[in-house]
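The values are calculated or read from the model by the stated rules, or taken from the named source; none is laboratory data. Bear in mind the structure is a predicted one, so any value in this text is a computation, not a measurement. Here the Cβ is made from the backbone with ideal geometry for all residues, glycine too, and neighbour counts use every protein chain on show. Note: accessible area is taken over every heavy atom of the protein model, side chains too, but ligands, DNA and RNA are not part of it. Shrake-Rupley method; radii C 1.70, N 1.55, O 1.52, S 1.80 Å.
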Amino acid sequence: MSTDDERAERPAVPPRTRAELRAAREAEAAREAEVAREAEAAREAEVAREADAVASAEPTPPRHSSGSSETVLPTPTPTPPADRADDSSARPARRASFEALEGAEPADERPRGKRERPERPEKERAARPARAPKPPREPKPPRPAKTPRVPRRTSSGAAPDAAASAVSPALTDATTSADPASATPRPASPSRRFGLALAAVLGILVLVGAAFGVVSLTQGPRISAVQVDPSHAIDASGSRVILTANQALAAVDPAQVTVEPAVPFTIDAAGRGIGIRFTVPLDDETTYTVTVADAVGAGGGPSSTLTTSFTTPASTMFLLNRSDKDDKIFATDLTGEKAVPVFAADKINDFRATSSQLVVTTEEDDGSHLLVMDHDGSNQRELPLPGEGFVSSVQVSERGGLVGYSYSDRELSDTEGRASVLVTQSLNDKDSEPQVVEVGDAEVSVFSWQFVPDSAALLFIDFDGALSLVDRSTDAGVQSLGLAANIQGISRGTYTAIVERLDGSVVELNLADGSEQPLAASTPDYGVATTITPYPGGTLRHIVARDEIGIPTGQAIIRVDDEGVATPLVEVPETDSILQACASPSGQYAAVVIAPDMTENPYDEMLLPLPTKMETHLYDLRSGDEMVALTGFDPSWCQTAPRF
């Protein structure tokens with residue numbers, strides 16, 4: 001017969017936080033091996049608690065034994081009813097865990113001390129000494145929720161996590177009403193989780209690809225990448241802009257492509273790429289916009305317009321300055337305010353520049369030396385010459401990677417030695433040897449020569465007046481182009497040379513097929529030019545005015561555009577002399593070398609003798625305005641050294 005209704009109401013258990021409950025579960029789980037012993041201690045604590053409840057219900061004060069410090073309650077310890085004992089034995093783990101949690105005092109709410117216990121019979125105390133319940137551990141911070149683990153079963157059949165079952169009634173009912181293994185879901189294996197994650201990623205990629213495909217079909221082609229080198233574009237012709245689309249394109253007609261500002265170009269398109277090649281160098285500090293209209297995918301669909309823009313940097317140039325001390329080559333901007341010396345030597349005869357290198361000839365007592373270096377003067381190396389001798393008329397081919405020069409042996413006589421033979425040599429191969437140009441298996445002496453821009457071909461006139469063309473990149477041999485007195489210049493990007501024939505006529509010679517036509521006179525006509533320098537968009541013509549007996553009365557540089565309209569660019573009096581005129585690679589600027597006050601300006605004693613004082617005047621060819629005058633000569637824009 002149960003006596004639960006006759007017992008006084010138990011004191012309410014103080015509310016516990018989630019952290020305290022978790023700490024209690026962890027403490028109980030750590031003492032899994034002592035479950036049975038803790039269960040008996042819990043039952044003793046229950047007996048003491050029921051005695052406390054009875055004492056609190058009766059107003060009779062407790063008696064104190066004279067020889068003991070413990071408080072003894074007079075109420076005898078009641079014996080648990082049989083049915084209650086049976087219930088406890090049926091579920092020892094749950095009961096022990098619950099009783100332990102009720103008897104424990106939270107560390108932050110109750111002070112620790114000796115508990116009051118009722119006296120027990122001597123035999124019971126001797127047989128089983130009472131053990132004080134262990135204080136609970138300090139609560140730990142809450143952890144994120146985890147997937148429930150399947151509890152392991154002990155030999156008695158009870159789940160070890162009894163505290164968790166006692167604290168959470170809902171969870172206890174769920175886990176004790178059926179087999180624990182079937183009540184708690186088993187977590188997915190690692191291999192299954194990996195498979196699910198992989199499938200999710202692949203699904204997302206498929207969706208993204210499909211979305212992009214839909215966008216492409218509905219919006220037409222788009223630019224995915226652009227390749228361009230603006231710095232190289234202002235120094236040489238042949239630079240390219242490559243547009244890469246996000247899909248293969250249908251055939252692109254040149255009429256679909258426009259470039260602003262306008263500049264001549266060619267195109268080649270294949271697959272996803274469209275290449276726009278500029279046949280002339282570009283202007284500096286200019287923004288160019290390339291547009292491809294009505295671009296369509298190879299599979300059809302809507303059309304779109306592809307557009308990109310890029311900006312070119314400011315131009316720079318190199319100048320040679322001779323002095324009584326060391327001769328120096330300067331790198332400068334077009335204002336002259338940022339000029340810095342990059343190379344110095346006792347005697348510098350000539351130099352030329354590519355987009356990345358300088359080629360310099362120095363003069364020594366034993367002859368000439370040919371040096372190659374970076375633009376800042378570093379990484380110098382000397383190129384071997386055909387022998388001990390002298391070098392003049394140095395030129396470079398940017399596209400062919402070659403240097404060419406006229407060479408003469410130091411020991412030269414009417415019967416021995418080589419005089420003014422034409423030599424070429426690679427700038428990129430450090431082990432290359434000089435190659436002398438031959439015509440009919442014989443080394444040829446040249447009177448005048450020039451590299452054809454944007455190629456490895458050379459146009460030259462030998463001592464007999466024969467005009468010939470040879471391409472160093474092929475084995476085609478020498479092509480004869482008749483007789484000529486002088487080579488005035490070769491246009492960039494057109495493969496057309498301006499040549500003076502032996503009869504004094506000036507013609508435009510097509511080097512590709514050998515055809516020619518007279519050079520049209522300018523409007524107005526300023527007379528016969530002593531030199532003609534082509535540039536993209538026109539020519540610069542050096543005109544010398546003379547009196548009746550042939551004495552110069554003045555000189556001028558005349559700018560003549562492609563339509564033949566002539567405009568004076570610079571004029572000097574009879575006291576000065578124009579030594580050289582050339583245009584920047586794109587034809588945006590002009591450099592004119594002037595020797596002032598010739599009567600008080602003596603010549604030096606170099607292999608190429610020139611006045612000791614020379615100035616380089618820079619002009620804007622579009623407006624005709626002078627920009628600045630710089631000390632020095634032989635600007636790197638010019639293809640050849642001054643010819644005086």
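Running Debye on the range 254-344 with equal point scatterers at the Cα sites and no solvent, what base-10 log of I(q)/I(0) appears at q = 0.19 Å⁻¹?
-0.91
Under a no-solvent Debye model with one identical scatterer per Cα of the range 314-421, what's log10 I(q)/I(0) at q = 0.13, 0.21, 0.24 Å⁻¹?
-0.52, -1.16, -1.38
Please quote Rg/Rh for the range 304-353 to two decimal places, taking the Kirkwood radius as Rh and restricting both calculations to Cα atoms.
Value, to two decimals: 1.31.
Through the Karplus equation 6.51 cos²θ - 1.76 cosθ + 1.60, θ set to phi - 60°, convert the phi angles of the range 291-302 into ³J(HN,Hα) values in whole Hz; use x for Gly and Pro.
10, 10, 8, 6, 6, 10, x, 4, x, x, x, x
Per residue of the range 551-556, what does 6.51 cos²θ - 1.76 cosθ + 1.60 with θ = phi - 60° give for ³J(HN,Hα)? Whole Hz please, x for Gly and Pro, Karplus curve as stated.
With the stated coefficients, the range 551-556 comes to 7, x, 10, x, 9, 8 Hz.
Could you work out the relative contact order of the range 426-577, using alpha carbon pairs under 8 angstrom and six or more residues apart, expressed as a whole percent?
The value is 11 percent.
Which shape class, rounded, prolate or oblate, goes with the range 460-499 when its Cα gyration tensor gives a ≥ b ≥ c as root eigenvalues, a/c under 1.5 marks rounded, and past that a/b bigger than b/c marks prolate?
Oblate is the answer for the range 460-499, as a/c is 1.5 or above yet b/c matches or exceeds a/b.
In the neighborhood of SER577, defined by Cβ-to-Cβ distances under 14 Å, what is the net charge if each Lys or Arg adds +1 and each Asp or Glu adds -1?
Numbers: positive: ARG546, LYS613, ARG643; negative: GLU571, GLU574, ASP576, ASP597, GLU600, GLU615.
Local charge sum for SER577: -3.
State the extension gain, in nm to one decimal, for the chain segment bounded by SER378 and ASP525, taking 0.36 nm per residue of separation less the distance between their alpha-carbons.
48.1 nm
Considering only protein heavy atoms, what is the solvent-accessible area of ASP429 at a probe of 1.4 Å, reported in Å² to the nearest 10?
Here the residue's solvent-accessible area equals roughly 70 Å².
Please list SER408, SER231 from largest to smallest accessible area, probe radius 1.4 Å, with all protein chains kept in place.
Of SER408, SER231, the descending order of accessible area is SER231, SER408.
Relative contact order of the range 519-644, please, whole-number percent, based on alpha carbon pairs below 8 angstrom and at least 6 residues apart.
Values: 261 pairs, mean separation 21.4, N = 126.
Once divided by the residue count of the range 519-644, the mean separation gives 17 percent.
Let a ≥ b ≥ c be the square roots of the eigenvalues of the Cα gyration tensor of the range 413-460; is it rounded (a/c under 1.5), or, if not, prolate (a/b larger than b/c) or oblate? Spell out each step's value before the answer.
Details: a/c = 2.35, a/b = 1.41, b/c = 1.67.
Note, shape of the range 413-460 comes out oblate.
Using the Cα gyration tensor of the range 533-644, with a ≥ b ≥ c the square roots of its eigenvalues, what is the shape: rounded (a/c below 1.5), prolate (a/b larger than b/c) or oblate (neither)?
Since a/c reaches 1.5 but b/c is at least a/b, the shape of the range 533-644 is classed as oblate.
Any chance you could look up the accessible area of THR289 with a 1.4 Å probe, heavy atoms only, rounded to 10 Å²?
Ignoring ligands and nucleic acids, THR289 comes out at about 40 Å².
Gain in length, GLN517 to ASP333, computed as 0.36 nm per residue apart minus the alpha-carbon separation, to one decimal in nm?
Values: separation 184, 0.36 × 184 = 66.24 nm, distance 3.90 nm.
Extending this stretch completely gives an extra 62.3 nm.
Just how large is the dipole of the range 412-533 about the Cα centre, in debye to the nearest 20, putting +1 at every Lys and Arg Cβ and -1 at every Asp and Glu Cβ?
The calculated dipole for the range 412-533 is roughly 400 debye.
Given a 1.4 Å probe and the protein chains all in place, what does the accessible area of GLU26 round to, in Å² to the nearest 10?
About 60 Å², ignoring ligands and nucleic acids.
Under a Cβ-Cβ cut-off of 11 Å, what is the net charge of the residues other than ASP326 that fall near it, where Lys and Arg count +1 and Asp and Glu count -1?
Working: positive: ARG322, LYS325, LYS328, LYS347; negative: ASP324, ASP327, ASP346.
In short, +1.
Considering only Cα-Cα distances, which of the following residue pairs are longer than 29 Å: LYS328/LYS430; LYS338/LYS430; LYS338/LYS613?
From the list (LYS328/LYS430; LYS338/LYS430; LYS338/LYS613), the Cα-Cα distance tops 29 Å for LYS338/LYS430.
Would you give the gap between the C-alpha center of the range 367-393 and the C-alpha center of the range 412-491, rounded to a whole Å?
Measuring centre to centre over Cα atoms gives 19 Å.
Let me check something: with ligands and nucleic acids excluded, how do ILE532, ILE223, ILE204 order by accessible area (1.4 Å probe), largest to smallest?
ILE204, ILE223, ILE532
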